[in-house]
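Everything on this sheet refers to the single structure shown next.
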């Protein structure tokens, strides 16, 4: 039986959890360790700890924060941001990450995906794809959504799988933080192209939005603001998803 995971996202800027809209207008939310503890207690299946300013500022992930979080929770941790090399990934794994995501530097150096996958396995190697509508399609953006590339997200996802990625963290920049629903077209486009799990990210406003994302092909749903601002508790979302026919682990 396959369960859909509900993943809580902690976007960090220099050790503080923040939330914005379409990767802009960042507002302080709180302490990452306190939030991680709270979300585990509420029933989160996984925590994503993303240092969103690391790549744009060309610096390493805030390792200290990851260590503190890992000491406090027992659910899996996906960590990403500023991973430029196998050595950077190793630091995250040693600090407590179960999975590491790569984005900007994987686009610049695709071999990075293979290097991480060979040592830690495809199940621990996540390709993070930030996509935005462009013309009649989508384009992949890097450097925290600041730099457009010529890559199409579905084509890039397929290439990343060939290189060793075992999961896709797929974020719609257009939908991010707007709580108006995931970009179902984007999810469907990528899910039809690859046969690995897809984490839908960007736009969650309700459990119904999450159920639609699953219907479009997502294996997991990631959300932040609906939980940060206590619109829903994690267990409330799971109870509603279960009633909607989505298989989830009820706390």
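All of the numbers you see were taken from the coordinates with simple rules; none came from a lab. In this text the structure is predicted, and so the values were computed from the model without any measurement. So basically every Cβ, Gly included, is an ideal-geometry build from the backbone, and we count neighbours across all protein chains shown.
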Exercise. For region 172-194 and region 147-161, what is the separation of their Cα centres, given in Å?
Worked result: 14
For this session: Based on other C-beta atoms within 10 Å, arrange 126, 18 from fewest to most.
Result: 18, 126
Problem set entry | Relative exposure of 208, 239, judged by other C-beta atoms within 10 Å (fewest first) | 208, 239
Exercise. Going by a ≥ b ≥ c, the root eigenvalues of the Cα gyration tensor, does region 140-219 fall in the rounded group (a/c under 1.5), the prolate group (a/b larger than b/c) or the oblate group?
Worked result: oblate
Exercise. Over the C-alpha atoms of the chain, what are the Rg and the largest Cα-to-Cα span, Dmax, in Å?
Worked result: 16.3, 46
For this session: With a Förster radius of 41 Å, plug the Cβ-Cβ distance of residue 86 and residue 244 into 1/(1 + (r/R0)^6) and report the FRET value to the nearest 0.05.
Result: 0.50
Exercise. So how do 93, 61 line up by other beta-carbon neighbours within 10 Å, fewest first?
Worked result: 93, 61
For this session: For residue 147, put the label point 7 Å out on the Cα→Cβ axis and report which residues of region 69-93 keep their amide N under 13 Å from it.
Result: 82-84
Problem set entry | Antiparallel content of DSSP bridges confined to region 5-243, in %, to 5 | 30
Exercise. Hey, what number do you get for the chain at 222 nm if only DSSP H runs of n ≥ 4 count, each worth -39500 (n - 2.57), divided across all residues, to the nearest 500?
Worked result: -10000 deg cm²/dmol
